[in-house]
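The values are calculated or read from the model by the stated rules, or taken from the named source; none is laboratory data. What you see is a predicted model, and the numbers here were worked out from it, not measured in a lab. Neighbour counts are summed over all protein chains in view; Cβ atoms, including those assigned to glycine, are modelled from backbone coordinates with ideal geometry.
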Amino acid sequence: MTATSEPLEQEQDPKNDAPTTPVIRFLRGPHLLGQVAVNPEQTIVEHAEACGVELPTSCTSGTCGTCTVSVVFGEVALPDELPPGLEAWLAEEGGRLGCMSKPHVDVDIDIMPPI
């Protein structure tokens, strides 16, 4: 799955047509598990915890890959050098490490194992 899928409906500010604060949405396949406003200082794992979604974690340092998720809409930047827990092919398909990745815009995250 790539990061070009259609987003879930964006909430709109009723006073104008501009989108509200960016939101991170957590999915398991087609099912919405939770969503929360994006805080660019927080990782995907921290956002998940804030809205009651459990993501598996282990090392929390990018080494093991336990927290790998799929970005199905939006963009989450990769570091200049891939951490050991993220294979290049998986990163190309939208895989990100939840313990290290910090979203800044609207994103939809599928927490199903990406492989």
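Would you confirm, using the coordinates I've provided, whether Thr20 is surrounded by fewer than 16 Cβ atoms within 10 Å (Cβ to Cβ) and under 11 Å from Gly98 (Cβ atoms)?
So Thr20 does not fit the description; no.
Would you confirm whether any residue within region 8-23 is at pLDDT 95 or above, closer than 22 Å to Leu90 by Cα and of a type outside the set (Lys, Arg)?
As a first pass, look at region 8-23 and keep what is at pLDDT 95 or above: 22-23.
The next check asks that each one be closer than 22 Å to Leu90 by Cα; those that pass are none.
Checking region 8-23: not a single residue is at pLDDT 95 or above, closer than 22 Å to Leu90 by Cα and of a type outside the set (Lys, Arg).
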Yes or no: Ala91 in contact (Cβ under 8 Å) with a residue 60 or more places away in the chain and under 13 Å from the mean Cα position of the chain (by Cα)?
no
